[in-house]
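Below is one structure, written out as structure tokens, with a few remarks after it.
The values are calculated or read from the model by the stated rules, or taken from the named source; none is laboratory data. This is a predicted model, so every value here is computed, not measured. Neighbour counts run over all protein chains shown; Cβ positions are idealised from the backbone, glycine included. Accessible surface areas use protein heavy atoms only, side chains included; no ligands, DNA or RNA. Shrake-Rupley method; radii C 1.70, N 1.55, O 1.52, S 1.80 Å.
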Amino acid sequence: MMYGKKNEKEYNIHFDFEKPNDKKVGFGYISADGTVYQAPAERCHQKLPVEFEMCWSSNSKESYCCKITMPKGFQKLVEQKKLKEVKISLEIEKDEEHGILYLTSNNEKIKILRFKNKKPTAEERKEIDYGYSPEIEYFIP
């Protein structure tokens, strides 16, 4: 992934990942300029994500962890909407492996992407460096 965007704009971001799912969701992300945010607060003033690393446990205690690359048009969409707050929500599907990221703004819920999370390998767990999602479907360009 190419980073290096200078003077990147910061936004009021609300990560709504746990409440709709009744699961503890661990995550961090990287912005376009390469800034790494580990387990940011639910609400923060930061740069937009271009890549997430996300983990959760299923009801059967299986762990799922992967990296997800955001669509290239995500920042453009946020800029076009002129949002005061960027609300990103996560819906974990009933199979507990798939997740959907949404951008919620002005009573509109825009589907960003759907991905399949994966069980980390022993090496990934040891290094705490997870692989990319094996399946990602983008809904914005």
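Can you flag which of Lys47/Lys126; Lys81/Lys116; Lys94/Lys116; Lys61/Lys126 are past 22 Å Cα-Cα? Display every interim value, and only then the final one.
Numbers: Lys47/Lys126 29 Å; Lys81/Lys116 28 Å; Lys94/Lys116 12 Å; Lys61/Lys126 18 Å.
Pairs exceeding 22 Å: Lys47/Lys126; Lys81/Lys116.
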Under the Cβ-under-4.7 Å rule, which cysteines of the chain stay unpaired? Cys44, Cys66
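Please say if region 1-71 is rounded, prolate or oblate, where rounded means a/c under 1.5 for a ≥ b ≥ c the square roots of the C-alpha gyration tensor eigenvalues, and otherwise the choice is prolate for a/b larger than b/c and oblate otherwise?
oblate
Return the loop-located GluC sites (Glu not before Pro) in region 87-137 (DSSP other than H, G, I, E, B) with at most 14 other Cβ atoms within 10 Å of their own Cβ; answer none if there are none. Walk me through the numbers before you get to the answer.
Numbers: sites: Glu91, Glu93, Glu96, Glu97, Glu108, Glu123, Glu124, Glu127, Glu135, Glu137; in loops: Glu93, Glu96, Glu97.
Sites meeting the loop and neighbour criteria: Glu93.
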When the helices in the chain are scored as -39500 (n - 2.57) per DSSP H run of 4 or longer and the sum is shared across all residues, what 222 nm value do you end up with, to the nearest 500 deg cm²/dmol? -2500 deg cm²/dmol
Starting at the first residue of region 96-112, write each ³J(HN,Hα) from the Karplus equation 6.51 cos²θ - 1.76 cosθ + 1.60 with θ = phi - 60°, in whole Hz, x for Gly and Pro. 6, 9, 9, x, 10, 9, 10, 10, 10, 8, 6, 6, 10, 10, 9, 6, 8
Amide H neighbours of Ile13 at under 5 Å, excluding residues fewer than 5 places away on the same chain, with H built from the backbone geometry, are Cys44, His45, Gln46, Val86
Region 123-141 versus region 27-69: alpha-carbon centroid distance in Å: 11 Å
Which aspartates and glutamates have a Cα lying under 18 Å from the Cα of Lys82, excluding residues fewer than 8 positions away in the same chain? Glu8, Glu10, Glu108
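Which links in Lys24/Lys76; Lys67/Lys109; Lys72/Lys111 stretch past 19 Å when you go from one Cα to the other?
Values: Lys24/Lys76 30 Å; Lys67/Lys109 23 Å; Lys72/Lys111 14 Å.
Listed pairs above 19 Å: Lys24/Lys76; Lys67/Lys109.
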Can you bin region 2-133 into rounded, prolate or oblate? Criterion: square roots of the alpha carbon gyration tensor eigenvalues sorted a ≥ b ≥ c, rounded for a/c under 1.5, prolate for a/b above b/c, oblate for the rest. oblate
Fully extended, how many nm does the chain gain between Glu108 and Arg43 (0.36 nm per residue separation, minus their Cα-Cα distance)? 21.5 nm
Along the Cα→Cβ direction, 7 angstrom out, place labels at Gln80 and Ile140. What is the inter-label distance in nm? 0.8 nm
May I ask you to derive the relative contact order of region 1-92, considering only C-alpha pairs under 8 Å and at least 6 residues apart, and to give it as an integer percent? 35 percent
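In whole percent, how big is the carbon plus sulfur part of the accessible area of the chain, probe 1.4 Å, protein atoms only?
On the way: 3910 of 8110 Å².
Heavy-atom surface of the chain belonging to carbon and sulfur, 1.4 Å probe: 48 percent.
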Residue-normalised accessible area of the chain, expressed per residue, 1.4 Å probe, Å²: 57 Å²
